[in-house]
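Asker: Once you've had a glance at the structure underneath, I'll fire off some questions.
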Amino acid sequence: VTGVLFSNADLKRLIIPLIFEHILAITVGMADTMMIARAGEAAMSGVSLVNMLNDLMNQVLAALSTGGVIVTSHMLGAGKAEEARSSAKQLIVMACGVSLFLMIFMFFLRRPALSLFFGNIEADVMENAILYLIITAFSFPCMGLYNACAALFRAMGNTGVTFRVSLLVNLINVTGNAVCILGLHMGVAGVALPTLLARGTGGFLLYLSLKNKENVIYLSKEKFHFNLEVIKDILRIGIPSGLENGFFQLGKLMTVSFVSTFGTVQIAANGIANNLDSLGCLIGSPMILAMLTVAGRCAGAGDLKQVNHYVKKLLRITYLASGILNAVILLSLNWLLALYSVSAETAKLSYSLVMIHNGIAIILWPAAFVLPAALRACKDVRFVMVTISFSMWAFRVGLGYILGVILGLGAIGIWLAMLADWVFRAACFIGRYVRGKWKLKVKSEHERLDIT
């Protein structure tokens, strides 16, 4: 491929900070969990419940950011930097507006929301959950601003900025938790206030960074005007992505509820396996974000050959790196399980679950999760949404219930159903990509950008 849009050095500058940022988020999350446990079981339970709601809110904002990064990448690929800067403002205003609405909604309906999602909660857990939700809800606008700005830096291929800010944000979070929980014994407030401070700092710093006119995309001082065409374009991607994320999270919650009926051993083994499985996705998850930027920029340029070239290249990188990582995890699995100090029965089941997940992930995960990001980048979002939603409910939930609950296979049945979901998704996305329907969308989008 001649006249490439991304050199190998460009790809490294994009991908490596994304990987380190993902590793940082996982390790800090583990440290936070350990410190939260010091605040007591009621506090830990309250924080855990609210974090499920916060994750759902974050999925909504992440969907908007996905729409923003794809729309902006297309404009940059088409050589329309001025339009890209205009779309950046639209994304930031939309993200702040939506997150402000979510903040108000969760603040005033905090108790009904917790009761709706989690039923009857013990009084002390409910009080801790409410306090944590009130404080963290005020961080939603900061989270929306951070996600929008981070998406714009990814569209520019400049993930180094977001990594450095993320490093500071996580440092504030961990240090604040240590001081407020271990030192000042503030309980749930000691967990929530550092989160609020960290998110506020992160959003503010990324926003300031976008004012730098040396960036391809920067925020000018021109008066803001709503651009309905750009807003519609972002929502055309953001709404299907949000529905897809929402259905996926809801389906995961349902499968967890199935496992919760299987007894303590299976619940513990499922939790341990989920922790170790996340390690196997350390490379794959950042590659999803990289694919949106790279394929989106090539699609915006209307260059089908480069789209195809980089999709295959990023998939090869994902398969190779994820394969090596998962192989290392599987070879050291007995040693890793020994760190959890659980019963022999729990360790044995955990071993089987991780073997199922990480072993098959080497073959299926990139095609099932990274390849659809390429289709999204080409604005083939409706097919991706329908496929993932159907597969989740038909296989993970439906087949999982049959195998795990009705046939009595327990957690093993749930995880086998998950593999069926992967097989279906991978087959659909490979078939869609090979048939080339995405090429028509790239051509029509490029023609539209040329006209405008």
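The values are calculated or read from the model by the stated rules, or taken from the named source; none is laboratory data. Here the structure is a predicted model, which means the values were calculated and not measured. As a convention, Cβ positions derive from the backbone with ideal geometry for all residues, glycine included, and neighbour counts pool all protein chains shown. With ligands, DNA and RNA removed, areas are computed over all heavy atoms of the protein, side chains included. Shrake-Rupley method; radii C 1.70, N 1.55, O 1.52, S 1.80 Å.
Asker: Of the conditions (1) open to solvent by 10 Å² or more (accessible area, probe 1.4 Å); (2) under 24 Å from I414 (Cβ atoms), A269 satisfies every one except a single condition; which number is it?
Answerer: For A269, the exception is condition (1).
Asker: Tell me the residue from L353, L279 that is under 26 Å from the mean Cα position of the chain (by Cα), touching a residue at least 12 places away in the same chain (Cβ under 8 Å) and either open to solvent by less than 50 Å² (accessible area, probe 1.4 Å) or closer than 30 Å to A81 by Cα (or both), please.
Answerer: L353
Asker: Also, I was wondering about something else. Just to verify a result, which residue in the stretch 244-266, among those that are of a type in the set (S, T, N, Q) and in contact (Cβ under 8 Å) with a residue 40 or more places away in the chain, is surrounded by the fewest Cβ atoms within 10 Å (Cβ to Cβ)?
Answerer: So in the stretch 244-266, the residues of a type in the set (S, T, N, Q) come out as 245, 249, 255, 257, 260-261, 264, 266.
Of the ones still in play, those that are also in contact (Cβ under 8 Å) with a residue 40 or more places away in the chain are 245, 249, 255, 261, 266.
Values: N245: 20, Q249: 16, T255: 21, T261: 11, Q266: 23.
Of everything passing the filter in the stretch 244-266, T261 is surrounded by the fewest Cβ atoms within 10 Å (Cβ to Cβ).
Asker: Something else now. Kindly indicate whether any position in the stretch 381-390 is within 24 Å of T346 (Cα to Cα), at pLDDT 90 or above and crowded, with 17+ Cβ neighbours inside 10 Å.
Answerer: Just the residues of the stretch 381-390 that are within 24 Å of T346 (Cα to Cα), to begin with: none.
For the stretch 381-390, residues within 24 Å of T346 (Cα to Cα), at pLDDT 90 or above and crowded, with 17+ Cβ neighbours inside 10 Å: absent.
Asker: Is one or more of the residues making up the stretch 171-190 surrounded by fewer than 19 Cβ atoms within 10 Å (Cβ to Cβ), closer than 22 Å to A95 by Cβ and either in contact with a Leu (Cβ under 9 Å, 6 or more places away or on another chain) or acidic (D, E) (or both)?
Answerer: yes
Asker: Do we find a residue being outside any helix (DSSP H, G or I) and touching a residue at least 40 places away in the same chain (Cβ under 8 Å) anywhere in the stretch 85-102? Please lay out each step first, then the result.
Answerer: Kept after step one, since they are outside any helix (DSSP H, G or I), are these residues of the stretch 85-102: none.
The answer is no, given that none of the residues of the stretch 85-102 is outside any helix (DSSP H, G or I) and touching a residue at least 40 places away in the same chain (Cβ under 8 Å).
Asker: Taking the condition of being part of a helix (DSSP H, G or I) and open to solvent by less than 80 Å² (accessible area, probe 1.4 Å), how many residues in the stretch 105-123 meet it?
Answerer: Filtering the stretch 105-123 for residues part of a helix (DSSP H, G or I) gives 105-108, 110-118, 123.
Retained after the next criterion (residues that are open to solvent by less than 80 Å² (accessible area, probe 1.4 Å)): 106-107, 110, 112-115, 118, 123.
Total meeting the criteria: 9.
Asker: In a helix (DSSP H, G or I), at pLDDT 90 or above and either out of contact with any Pro (no Cβ under 9 Å at 6 or more places or on another chain) or over 21 Å from A374 (Cα atoms) (or both): which single residue out of T66, T72, T33, T27 fits that description? Steps first, answer last, please.
Answerer: Details: T66 fails: at pLDDT 90 or above; T33 fails: at pLDDT 90 or above; T27 fails: at pLDDT 90 or above.
When all the criteria are applied, what remains is T72.
Asker: Then there is this: Filter the stretch 123-157 down to residues that are of a type in the set (S, T, N, Q), modelled with pLDDT of 90 or more and over 16 Å from the mean Cα position of the chain (by Cα) and give me whichever is nearest to A63 (Cα to Cα). Don't jump to the end; show me each part of the working.
Answerer: Within the stretch 123-157, the first condition is being of a type in the set (S, T, N, Q), and the residues that meet it are 128, 136, 139, 147.
Next cut, modelled with pLDDT of 90 or more only: 136, 139, 147.
Keeping just the survivors that are over 16 Å from the mean Cα position of the chain (by Cα) gives 136, 139.
Numbers: T136: 20, S139: 18 Å.
Checking each candidate, the answer is S139.
For (1) basic (K, R); (2) in contact with a Ser or Thr (Cβ under 8 Å, 6 or more places away or on another chain); (3) under 27 Å from V384 (Cβ atoms), each residue gets a yes or a no:
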{"site": "F224", "(1), (2), (3)": "no, no, no"}
{"site": "L235", "(1), (2), (3)": "no, no, yes"}
{"site": "G242", "(1), (2), (3)": "no, no, yes"}
{"site": "F247", "(1), (2), (3)": "no, yes, yes"}
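Asker: For the stretch 356-380, which positions are without any contact (Cβ under 8 Å) to a residue 60 or more places away in the chain and surrounded by 21 or more Cβ atoms within 10 Å (Cβ to Cβ)?
Answerer: Taking the stretch 356-380 as the starting set, the residues that turn out to be without any contact (Cβ under 8 Å) to a residue 60 or more places away in the chain are 359, 362-363, 372.
If the condition is that a residue be without any contact (Cβ under 8 Å) to a residue 60 or more places away in the chain and surrounded by 21 or more Cβ atoms within 10 Å (Cβ to Cβ), then P372 is the only one that fits.
Asker: Tell me the residue from S352, S341 that is in a helix (DSSP H, G or I) and not basic (K, R), please. Full working, then the answer.
Answerer: Working: S341 fails: in a helix (DSSP H, G or I).
After ruling out the rest, the residue left standing is S352.
Asker: Any chance you could count how many residues in the stretch 191-229 are part of a helix (DSSP H, G or I) and open to solvent by 30 Å² or more (accessible area, probe 1.4 Å)? Steps first, please.
Answerer: Just the residues of the stretch 191-229 that are part of a helix (DSSP H, G or I), to begin with: 191-209, 228-229.
Checking which are open to solvent by 30 Å² or more (accessible area, probe 1.4 Å) leaves us with 193, 196-197, 199, 201, 204-205, 207-209, 228-229.
Count: 12.
Asker: Could you list all residues from the stretch 386-430 that are outside any helix (DSSP H, G or I) and either among the acidic types (D, E) or touching a Pro at 6+ places or on another chain (Cβ under 7 Å) (or both)? Reasoning before the result, please.
Answerer: Residues of the stretch 386-430 that are outside any helix (DSSP H, G or I), as a first pass: 407-409.
Answer for the stretch 386-430, where residues must be outside any helix (DSSP H, G or I) and either among the acidic types (D, E) or touching a Pro at 6+ places or on another chain (Cβ under 7 Å) (or both): there is none.
Asker: Which one is farthest from A269 (Cα to Cα), of the residues in the stretch 316-341 that are open to solvent by 60 Å² or more (accessible area, probe 1.4 Å) and more than 23 Å from the chain's Cα centre (by Cα)? Break it down into steps so the answer makes sense when it comes.
Answerer: Here is the first cut: in the stretch 316-341, the ones open to solvent by 60 Å² or more (accessible area, probe 1.4 Å) are 316-317, 319-320, 324, 328, 331, 334-335, 338-341.
Keeping just the survivors that are more than 23 Å from the chain's Cα centre (by Cα) gives 328, 331, 334-335, 338-341.
Working: V328: 20, L331: 19, N334: 14, W335: 15, A338: 13, L339: 13, Y340: 10, S341: 12 Å.
That would be V328.
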